[in-house]
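Here's the structure, in structure tokens; my notes come after.
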Amino acid sequence: MAGIEGFDVSLNTGDLVVAEGTYNGAVVAGATLDAAALADGVAYAVTDGGALSIVEVIPVGSQAVASCTVVTGAATLETLAFRGQDASATQ
């Protein structure tokens, strides 16, 4: 598992806000991630050591630093439940 520190999460009018953190010792800037284009379900804030992004499926080579539930294009619940999760072996 990758070394992940920080990346506190919160919500701001339907966006997932992820604070700065470190991924394998490298600082990753925080970001406000817009869930408007995502389908309902679980979404993940991910990094590969570069910028954060929000996705429905974790890309190979990336790690989830936070997650949220998306309902009608808005993040409704922020969580660290999937923190450290990476792409499944079937991708």
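The values are calculated or read from the model by the stated rules, or taken from the named source; none is laboratory data. Since this is a predicted model, take the numbers as computed values, not measurements. So basically every Cβ, Gly included, is an ideal-geometry build from the backbone, and we count neighbours across all protein chains shown.
Points to keep in mind about this one:
- Scope the stretch 6-19; condition more than 12 Å from the chain's Cα centre (by Cα), without any contact (Cβ under 8 Å) to a residue 40 or more places away in the chain and surrounded by 12 or more Cβ atoms within 10 Å (Cβ to Cβ); matching residues: Gly6
- Residue in the stretch 23-59 that is nearest to Arg83 (Cα to Cα), counting only those that are in contact with a Pro (Cβ under 9 Å, 6 or more places away or on another chain) and of a type outside the set (S, T, N, Q): Val46
- Test: residue in the stretch 38-47 that is touching a residue at least 40 places away in the same chain (Cβ under 8 Å), over 12 Å from the mean Cα position of the chain (by Cα) and surrounded by fewer than 14 Cβ atoms within 10 Å (Cβ to Cβ): no
- Annotation: of all residues in the stretch 56-91 being among the polar types (S, T, N, Q) and in a loop (DSSP other than H, G, I, E, B), the one that is modelled with the highest pLDDT is Thr72.
- Listed conditions (1) under 12 Å from the mean Cα position of the chain (by Cα); (2) free of Cβ contacts under 8 Å to residues at least 24 places away in the same chain are all met by Val57, apart from (2).
- Among (1) assigned to a strand (DSSP E or B); (2) modelled with pLDDT under 95 - the single one Gly50 does not satisfy: (1)
- Restricting the stretch 1-29 to residues that are among the polar types (S, T, N, Q) and in a loop (DSSP other than H, G, I, E, B), the residue that is modelled with the lowest pLDDT: Asn24
- Filter result (among the polar types (S, T, N, Q) and surrounded by 15 or more Cβ atoms within 10 Å (Cβ to Cβ)) within the stretch 54-91: Ser62, Gln63, Ser67, Thr69, Gln85
- Filter result for Thr69 (among the β-branched types (Val, Ile, Thr) and at positive phi): no
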